[in-house]
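Down below is the structure, laid out as structure tokens.
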Amino acid sequence: MRVGFIGLGNMGGPMALNLIKAGHALVVHDVRPAAAKPHLERGAKWAESPKAAARESELILTSLPGPTEVEAVALGTDGILAGAVPGSVYADLSTGSPTVMRKIHAAFKAKGVHVLDAPVSGGVWGAQRGTLQVMVGGEESIYREVKAVLQAVGDKVGYMGPIGAGTIAKLVHNMVSIATRAVVAEGFTLGVKAGVTPEALLEAIRGASFGQGLMLSQMLPNVIFKGDFDTVRFALKLARKDIGLATALAREYDVPMPMAAVAEQIMVEALARGWGDKDSTAPWLLQEEAAGVRVRETKT
């Protein structure tokens, strides 16, 4: 496929190279012409502007710092919209704003150009190795048309829903990852300061009863999505007792634990609702109530 690639930074550069390796004909552009050197050496063609890159492409891809840059490159005077051919597809690989992507989608639709938001996850190593996760939002039929191309940059390409859904999924993905790091940091600093080696803590925490593995593979699909908070696997009152003991230990050793303290107060609120004999996942209901949404399976 004829692919225009705009943004050849730490992520975009390796992704574009993988597209060349996969046999696609690339037209590339970056605000730093020198960034395109390895791509030009491998047969890519240089474009003087996003407009010029789009004019020659069936699929236009961008990998840019954020929504401000994406909007400028997509809608600017010499931007993608100015050069894109009706029937072509524009997919943004950046982590940005679903609101901006919907704005771009509406503007491009008026010209007959399809838009997908397709942010990636996996870091520079994943970009270099072609092992990124790609989360795609937009028309499903258009997603299917370009999925094979996206598989040249990521081995985990999935459809998330309508335009903006890919970006929403990526933002949630990153938020969970970043917040989890803070909780893990609290736990390890407490454990080490209280006298356990980090290696021993890692072994303990890797156990089968903990971690994102259990949360993602068991608790979410089998408990949360089904709303099964009454089948007790680990009672809420016992979970509240345990996190209380952990925060008490943190006070004893002067270890700040703001994330754990918030989690404890959420459990206190759940206990005040009379949920002590429910499963320890029951505080999920408090978040659903506050957010005004229920997280339940959609497949029947």
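The values are calculated or read from the model by the stated rules, or taken from the named source; none is laboratory data. Every value quoted in this text rests on a predicted model; they were computed, and no experiment measured them. Neighbour counts are summed over all protein chains in view; Cβ atoms, including those assigned to glycine, are modelled from backbone coordinates with ideal geometry.
Just one of Arg2, Arg42, Arg32, Arg55 is closer than 18 Å to His114 by Cα and surrounded by fewer than 17 Cβ atoms within 10 Å (Cβ to Cβ); which is it?
Arg2
Tell me the residue from Leu26, Leu8, Leu17, Leu75 that is more than 20 Å from Val136 (Cα to Cα), hydrophobic (A, V, I, L, M, F, W, C) and surrounded by fewer than 21 Cβ atoms within 10 Å (Cβ to Cβ), please. Explain how you work it out, then say what you get.
On the way: Leu26 fails: surrounded by fewer than 21 Cβ atoms within 10 Å (Cβ to Cβ); Leu8 fails: surrounded by fewer than 21 Cβ atoms within 10 Å (Cβ to Cβ); Leu17 fails: surrounded by fewer than 21 Cβ atoms within 10 Å (Cβ to Cβ).
After ruling out the rest, the residue left standing is Leu75.
Being touching an Asp or Glu at 6+ places or on another chain (Cβ under 9 Å) and under 30 Å from Arg294 (Cα atoms) is true for just one of Ala179, Ala118, Ala194, Ala169. Which residue is that?
After ruling out the rest, the residue left standing is Ala118.
Does segment 134-146 include one or more residues that are at pLDDT 95 or above, among the basic types (Lys, Arg), surrounded by fewer than 17 Cβ atoms within 10 Å (Cβ to Cβ) and assigned to a helix (DSSP H, G or I)?
Yes, there is a match, as at least one residue in segment 134-146 is at pLDDT 95 or above, among the basic types (Lys, Arg), surrounded by fewer than 17 Cβ atoms within 10 Å (Cβ to Cβ) and assigned to a helix (DSSP H, G or I).
For a quick check of your reading: which helices (runs of 4 or more DSSP H) sit entirely within segment 1-93 and have at least 1 residues that are closer than 17 Å to Gly130 by Cβ? Write out each step before concluding.
Values: elements: 12-21, 37-41, 50-55, 67-75, 80-83.
Hits in segment 1-93: 12-21, 37-41.
For residues that are over 24 Å from the mean Cα position of the chain (by Cα) and surrounded by fewer than 17 Cβ atoms within 10 Å (Cβ to Cβ), tally how many sit in segment 79-119.
We begin by selecting, within segment 79-119, every residue over 24 Å from the mean Cα position of the chain (by Cα); these are 79-88, 107-113.
From what is left, the residues that are surrounded by fewer than 17 Cβ atoms within 10 Å (Cβ to Cβ) are 85-87, 107, 109-112.
Number of matching residues: 8.
In segment 183-199, what count of residues is obtained for those that are assigned to a helix (DSSP H, G or I) and either surrounded by 12 or more Cβ atoms within 10 Å (Cβ to Cβ) or of a type in the set (Lys, Arg) (or both)?
Total satisfying the criteria: 11.
Which of the residues that make up segment 51-68 are among the small types (Gly, Ala, Ser), under 18 Å from the mean Cα position of the chain (by Cα) and more than 21 Å from Lys147 (Cα to Cα)?
Within segment 51-68, just Gly66 meets the criteria.
Scanning for something touching a Gly at 6+ places or on another chain (Cβ under 9 Å) and within 22 Å of Thr180 (Cα to Cα), does segment 226-236 turn up at least one residue?
Looking only at segment 226-236, we keep the residues that are touching a Gly at 6+ places or on another chain (Cβ under 9 Å), and these are 235-236.
Pick out the ones that are also within 22 Å of Thr180 (Cα to Cα) and you get 236.
For segment 226-236, residues touching a Gly at 6+ places or on another chain (Cβ under 9 Å) and within 22 Å of Thr180 (Cα to Cα): present.
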